[in-house]
Amino acid sequence: MTPATQTAPDDLVGISTGHAASAHAVHAPSPGAIARLIHDLRELFKVKVVGLVLVTGWGGFYLGSMQSGISTLQRGLLDALLGIGLVSAGAGALNEALERTTDALMKRTADRPLASGRFPLSVGIVAGLGSLALGALWLALHTNLVTVALALLTAFTYVAIYTPLKRVTSLATFIGAFPGAT
């Protein structure tokens, strides 16, 4: 029996190329692999935190629109929330990249994708920077420069000031309140 006619293992699906001497196999993901990837991406981008950021962003827009007399439901709201969500997700991924070693030591955070080693550090950094850049670009194209500046300042304060200070001083909680409020 030649290799081309042998039965593929259970986790491989054979694809015939029409050539008698060769067959190409495509690796099918193991059961649960896609669900695990989605879960890991949700953890990396801190989707629950992003959801809270979007709710507060919507609340600010709602209050501002009520004060100014504009409609509370409009395309500008969706554009702003999409950009803010992307910037927030990028900041969350960069936060996890910076804290991966301490996250690995804590029971609550040890299973995060960077802390557990399921994603390499480079993936966390590229995903975080990519999401930040995409969100800033979206905001620049669809909102205004004030919104872009506030979103990036918030991300910078969270990632570059609050995150490293958490290990040094309890004042980090006070400082972290500013990006949280912004």
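The values are calculated or read from the model by the stated rules, or taken from the named source; none is laboratory data. These figures come from a predicted structure and were not determined experimentally. Every residue, glycine as well, gets a Cβ built from its backbone with ideal geometry; the counts of neighbours run over all protein chains shown. Only protein heavy atoms, including side chains, enter the accessible area calculation; ligands, DNA and RNA are left aside. Shrake-Rupley method; radii C 1.70, N 1.55, O 1.52, S 1.80 Å.
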key: Selected residue (only one of Val159, Val126 is surrounded by 20 or more Cβ atoms within 10 Å (Cβ to Cβ), β-branched (Val, Ile, Thr) and out of contact with any Asp or Glu (no Cβ under 6 Å at 6 or more places or on another chain))   = Val159
request  = Kindly indicate whether Ala160 is in contact with a helix residue (DSSP H, G or I) (Cβ under 6 Å, 6 or more places away or on another chain) and in a helix (DSSP H, G or I).
outcome  = no
key: Matching residues, the stretch 56-72, being among the aliphatic types (A, V, I, L, M) and either in contact with a strand residue (DSSP E or B) (Cβ under 7 Å, 6 or more places away or on another chain) or loosely packed, with under 11 Cβ neighbours inside 10 Å (or both)   = Met66
message = Quick check on the stretch 137-149. Is at least one of its residues in a helix (DSSP H, G or I), touching a Ser or Thr at 6+ places or on another chain (Cβ under 9 Å) and open to solvent by 60 Å² or more (accessible area, probe 1.4 Å)?
response = no
key: Flag for Val168 being open to solvent by 70 Å² or more (accessible area, probe 1.4 Å), modelled with pLDDT of 95 or more and β-branched (Val, Ile, Thr)   = no
request  = Exactly one condition in (1) out of contact with any Phe, Trp or Tyr (no Cβ under 8 Å at 6 or more places or on another chain); (2) part of a loop (DSSP other than H, G, I, E, B) is not met by Leu132; state its number.
outcome  = (2)
